[in-house]
Structure formats: C-alpha cells, structure tokens
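Asker: Questions regarding the structure given below will be posed in turn.
The values are calculated or read from the model by the stated rules, or taken from the named source; none is laboratory data. Model, not experiment: these values are computed from the prediction. Note that we place each Cβ from the backbone using ideal geometry, even for glycine, and neighbour counts take in every protein chain shown.
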Amino acid sequence: MFGLQLMLIGMVTVFAILLIVIYGSRFLVYVINKFVPAEVVAAKEKSDNVPMDVLQQAVSQITGGKGHIVNVTKLS
Amino acid sequence: MGSIGDIFQRLYDMTAISSIIADPSFLLMYLIAFGLLYLGVVKHYEPLLLVPIAFGVLIANFPGGEMGVIQADSQGLVPLADGTMESIWDMPLHKIAHEFGIMNYLYYALIKSGLLPPIIFMGVGALTDFGPMLRNLKLAIFGAAAQFGIFAVLLVSLAIGFTPQEAASLGIIGGADGPTAIFTTIKLAPHLLGPIAIAAYSYMALVPVIIPLVVKALCSEKELKINMKEQDKLYPQNMEIKNMRAVKIIFPIAVTTIVALLVPTAVPLIGMLMFGNLIKEIGADTSRLFQTASNGLMNTATIFLGLCVGATMTSDAFLNVKTLGIVAGGFCAFALSIASGICMVKVWNLISKKKINPLVGATGLSAVPMASRVCNGISTKYDPKNHVLNYCMASNIAGVIGSAVAAGVLISFLG
C-alpha cells in the first residue's frame, strides 16, 4: 500500500512539475515575444562554392596566407 | 637470518598472488573489470565513465593494495587494524586515509558527502542546450512518463523484501541518470552505492543495446516511420520564439525557482544543472565559469567519481545475492522506463491528429544525448530522411528534470 502511494505521489509530482515547466515556458515565451525586442541574426555571406571556400580558408590558415589552391582533383 | 625457503615464502606472502589463490573470487572481479574495460575501450560505450569505473574495480581488488572502499555496517561501524570497531562518521578524514588508504579518503570526502553528483550535474547543465526542448515544449511531457520504471521497480522491490530506502535506490536506476542514482542512494541506502552505481552506469553505457531491444518489442515499422517534420508541416506549432537567447537565460532561473518551491530536496541536482546551463547561456560575460564547469571541473569530478564508484566493487561487497538482484532489478527499471515512454506516445497518438514517433517516448529517460542519438539511428534505418534527433532531445532533456524530481520525491518521503 505504501509503495502504491509513493508511486502515485511520485508520478503525479513529476507530471505536475513538467506540466508547470511546459506551460510556464510557454508563458515565458509569450512575455518575451511581447516585451523583449526580437533577436537580430547577422546575415551570412552567401557563397556558391562552400567546400572550396572552406578548403581555401584551411590552406590560408596553415600557410599563413601565402598558399593558394590552384586545382582540386577527386582521387576516386 | 632465515633460510632461502623462508625468504621465498615471505616474498610469496608479500605479493597479492597468495591472497588471490586463497580467495579466487578476486579473479571474477578482474573478469568484470576487464569486461567493462572492453566495453569502454573497444566498443566505445561511454568510455569517459566506464574506463575510470572499470579501472577502479581492477585496483580495488588487489589484496594489500588498500584501494578498495570498505563497507560500513548498517550502524556505520567499520573494523580498525587493532580489531576494534569505530563509527566511520565519527572518524576524521585523515584517520580514514591512515586506516583504510587514500581511496577511502576520496570516497568519503567526495562521494559519501554528496559533493560530486551536483558538480557533475553542473557540468551536464553547461553542456546541455535546452533549445530543442523549448522549440518542442509539448514533447517534454514524455520525460515524465518515462519515470514510471522507477516507481514500478520500487513497488516490486518492496514486495520481494527490500526496505523502502533500498527499493527506492534500486528503482532510481530507471531514471538512467548516474549522478541522480548516486545522489539518491547516498541519501537513502549508502551501503548499496557500489552495485547501484555500477548498474546505473553500465545500463547507461548499454543504451545502444537496450533501447533497440525495447523499441523492437513494442513498435511497428509504420510507427517508427512517422516523420515528425512532415507532421509539423501538417499541423504547425502556433508558437514562435522571437528571442531565443532571452528565453534560454530566463528558463534556468525560472525552473530552479519552481522546483525549489515545490520539491526542495531536488534542488542540489536541478539547481546545479540549471546554474551550469545559465553560465553557458549568458555567454561571454561568464565564459570562464562555463569553461571550468564544462571542462576542468567536470572532467576532474568524472575521474574521481568513476574511480571511487569502481573501488566500491570489492569482491566481498559485490558477489552476493542482493547485488545480483540489484543488477537484474536495475535492468527491469531501465527497460520499463523506456517502455512506459513509448506507451504514452501510443496513447497520445490514439487521441491526437498530430502523430508522434514513439522513439520520442523512448528517450524520455535521461542518458543525454546518447538515447536521442540511438533513436535517431533507429528512425533513419527505417527512413534515411526521417531525422528525429531534435524531437527526441526535447523529451530526453525533460527526462533529466523528471528523474531529478522523482529523486527529490523519494528523498523527501524516505530520507
């Protein structure tokens, strides 16, 4: 009987706390959306050739800006 | 001056070999240590935890090494070298170190005092991103359903003769949260700390094996193919977060306050988890604290926790029926927690238009983020485009809060 009571109290408490967290967080989001200015996300520079840019940056980093990629060949 | 034979006899007695031959049970402990090392090193199952635990088991079981943690009886009495008994709680730390070796000093100073689990929780908080949960708040409720295993095993353990405190410590393994299991056991049944910690961490390490087993037994292929992104498109969420950074900073403060008001016994865990998360989310202003909490301090705590927990697994403490019962019961708690999360999703799907992949329920237990990664692997196996990681993380992170709250309830009723 004691075990069943403990199970009931435990599960009800866990559900209650998580429901409070869920609805409390929704309320928090509502308040922040209403009173805090929206986050400004810096626009990323668009590039058509991302892998090549990454390779070029890696080569520049390793060679201290002296190296340049001339040609990239797929081995297999 | 003794004969050559006497000298060799003394040399033989000096080694651990003589004691091992006299009590071969040590060999079984070496096998367990090697098995855990194999899982950690070769299989890469939670190596950061299993390797220190396994090495702790190994060094604790060399007779004469004084690296095994001594087991106090139910009154806290331990035998001293002169044959007298003394309460371990009345002994100063330097005396513990002198009488029983450095590992006992570390164990009583760091583990038995309850210091390390909250510190590890702080590190976990610093490494956790609550973003996926905040974006899918409804899914967090499955973190509550998955705590059922804790209480179901508690009930069964009571029925087969464990004390309420022991049963609660055994059940908390189902929370799949090592620090929570240790913290609860220290408070309720400290004499069971070794086997419970080993069971909790071993099963956490075996998440990639246990979750697929339970999922396969309970879910159909059709259910596992439920695509959450498509469901989101069909039934879009009506809540947009315009300033996620502000939400993420206020969230840990709000959760700590709510939990502290309702379940104060959970504050050492939830409070430290949220503090770690807060110093992460604040950003540059607290970046030095974040670096320390998530790297240096966390790693130091993990090393000492792993070694000390392993060192509690001495042959005389581990090789008995009760320990084997704990290992079996821990598995049931773990599997039941996964199953109850899945079952709640199935019930949800019966009444809701927007269907949820049952894998989201399977990750309602803690074990962040491995449980989510494993479930994402299962879903992509059935449909390579169906990535459920972010959705699983929502219930997975809620599971950390849920298991800490469950631990708080058990401690306040039984502590």
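Asker: State whether the residues of the range B:378-386 include one that is without any contact (Cβ under 8 Å) to a residue 12 or more places away in the chain, polar (S, T, N, Q) and either more than 20 Å from B:ILE173 (Cα to Cα) or more than 14 Å from every other protein chain (Cβ to nearest Cβ) (or both).
Answerer: Yes, the range B:378-386 has at least one match.
Asker: Among the residues of the range B:177-192, is there at least one that is within 13 Å of chain A (Cβ to nearest Cβ), touching a helix residue (DSSP H, G or I) at 6+ places or on another chain (Cβ under 9 Å) and over 30 Å from B:ARG245 (Cα atoms)?
Answerer: yes
Asker: Could you grab me the full set of residues in the range B:324-354 that are of a type in the set (D, E, K, R) and either within 15 Å of B:ILE173 (Cα to Cα) or modelled with pLDDT of 95 or more (or both)?
Answerer: B:LYS346
Asker: Going through B:LYS138, B:LYS225, B:LYS187 one at a time, which residue ends up being closer than 18 Å to B:SER340 by Cα and not acidic (Asp, Glu)?
Answerer: B:LYS138
Asker: Also: So which residues in the range B:9-58 are at pLDDT 85 or above and among the aromatic types (Phe, Trp, Tyr)?
Answerer: If the condition is that a residue be at pLDDT 85 or above and among the aromatic types (Phe, Trp, Tyr), then B:PHE26, B:TYR30, B:PHE34, B:TYR38, B:PHE55 are the ones that fit.
Asker: Which numbered condition trips up B:ILE21, out of (1) in contact (Cβ under 8 Å) with a residue 12 or more places away in the chain; (2) among the aliphatic types (A, V, I, L, M); (3) under 17 Å from B:SER315 (Cβ atoms); (4) out of contact with any helix residue (DSSP H, G or I) (no Cβ under 6 Å at 6 or more places or on another chain)?
Answerer: (1)
Asker: Give the range B:34-58 a look and list any residue that's surrounded by fewer than 16 Cβ atoms within 10 Å (Cβ to Cβ) and hydrophobic (A, V, I, L, M, F, W, C), or say none.
Answerer: B:PHE34, B:VAL41, B:VAL42, B:LEU48
Asker: In the range B:24-64, how many are free of Cβ contacts under 8 Å to residues at least 12 places away in the same chain and more than 20 Å from B:ALA317 (Cα to Cα)?
Answerer: Counting residues in the range B:24-64 that are free of Cβ contacts under 8 Å to residues at least 12 places away in the same chain and more than 20 Å from B:ALA317 (Cα to Cα) gives 6.
Asker: Are any residues in the range B:360-395 part of a loop (DSSP other than H, G, I, E, B) and either of a type in the set (Val, Ile, Thr) or surrounded by fewer than 20 Cβ atoms within 10 Å (Cβ to Cβ) (or both), and if so, which ones?
Answerer: B:THR363, B:VAL368, B:PRO369, B:ASP383, B:PRO384, B:LYS385, B:HIS387, B:VAL388
Asker: Inside the range B:320-362, can you point out the residues that are farther than 15 Å from B:GLN147 by Cα and of a type in the set (S, T, N, Q)?
Answerer: B:ASN320, B:THR323, B:ASN349, B:SER352, B:ASN357
Asker: Right, B:LYS354: farther than 21 Å from B:GLU46 by Cα, away from every other protein chain (no Cβ under 14 Å) and not in a helix (DSSP H, G or I) or not?
Answerer: yes
Asker: Next up: I'd like to check which helices (runs of 4 or more DSSP H) are fully inside the range B:177-259 and have at least 1 residues that are more than 21 Å from B:ALA144 (Cβ to Cβ) and more than 21 Å from the chain's Cα centre (by Cα).
Answerer: Fully inside the range B:177-259 and qualifying: B:207-218, B:221-224, B:228-234.
Residues checked against (1) under 27 Å from B:ILE59 (Cα atoms); (2) in contact with a helix residue (DSSP H, G or I) (Cβ under 7 Å, 6 or more places away or on another chain); (3) not polar (S, T, N, Q):
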{"site": "B:ALA311", "(1), (2), (3)": "yes, yes, yes"}
{"site": "B:ASN320", "(1), (2), (3)": "yes, no, no"}
{"site": "B:ALA328", "(1), (2), (3)": "yes, no, yes"}
{"site": "B:MET344", "(1), (2), (3)": "no, yes, yes"}
{"site": "B:VAL360", "(1), (2), (3)": "no, yes, yes"}
{"site": "B:ALA371", "(1), (2), (3)": "no, yes, yes"}
{"site": "B:GLY377", "(1), (2), (3)": "no, no, yes"}
{"site": "B:THR380", "(1), (2), (3)": "no, no, no"}
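Asker: Okay, next question. Residues in the range B:87-101: is at least one surrounded by fewer than 19 Cβ atoms within 10 Å (Cβ to Cβ) and touching a Pro at 6+ places or on another chain (Cβ under 9 Å)?
Answerer: no
Asker: Give the residue, chosen from B:THR312, B:THR292, B:THR302, that is free of Cβ contacts under 8 Å to residues at least 12 places away in the same chain, away from chain A (no Cβ under 14 Å), surrounded by 15 or more Cβ atoms within 10 Å (Cβ to Cβ) and not charged (D, E, K, R).
Answerer: B:THR292
Asker: I'd like to verify a number: residues in the range B:316-351 that are closer than 26 Å to B:PRO117 by Cβ and outside any loop (DSSP other than H, G, I, E, B), how many?
Answerer: 22
Asker: Across the range B:139-163, what is the total count of residues that are at the interface with another protein chain (Cβ under 7 Å from one of its Cβ atoms) and surrounded by fewer than 18 Cβ atoms within 10 Å (Cβ to Cβ)?
Answerer: 1
Asker: Test B:LEU224 against the criterion of being of a type outside the set (S, T, N, Q), under 19 Å from B:PRO52 (Cβ atoms) and surrounded by fewer than 24 Cβ atoms within 10 Å (Cβ to Cβ), and give yes or no. Explain how you work it out, then say what you get.
Answerer: Numbers: of a type outside the set (S, T, N, Q): yes; under 19 Å from B:PRO52 (Cβ atoms): no; surrounded by fewer than 24 Cβ atoms within 10 Å (Cβ to Cβ): yes.
Criteria not met by B:LEU224.
Asker: Here is a check on your reading of the model: is B:LYS280 within 14 Å of chain A (Cβ to nearest Cβ), surrounded by 14 or more Cβ atoms within 10 Å (Cβ to Cβ), closer than 24 Å to B:THR180 by Cβ and among the basic types (Lys, Arg)? Outline the logic, then answer.
Answerer: Details: within 14 Å of chain A (Cβ to nearest Cβ): no; surrounded by 14 or more Cβ atoms within 10 Å (Cβ to Cβ): yes; closer than 24 Å to B:THR180 by Cβ: yes; among the basic types (Lys, Arg): yes.
Answer is no for this residue.
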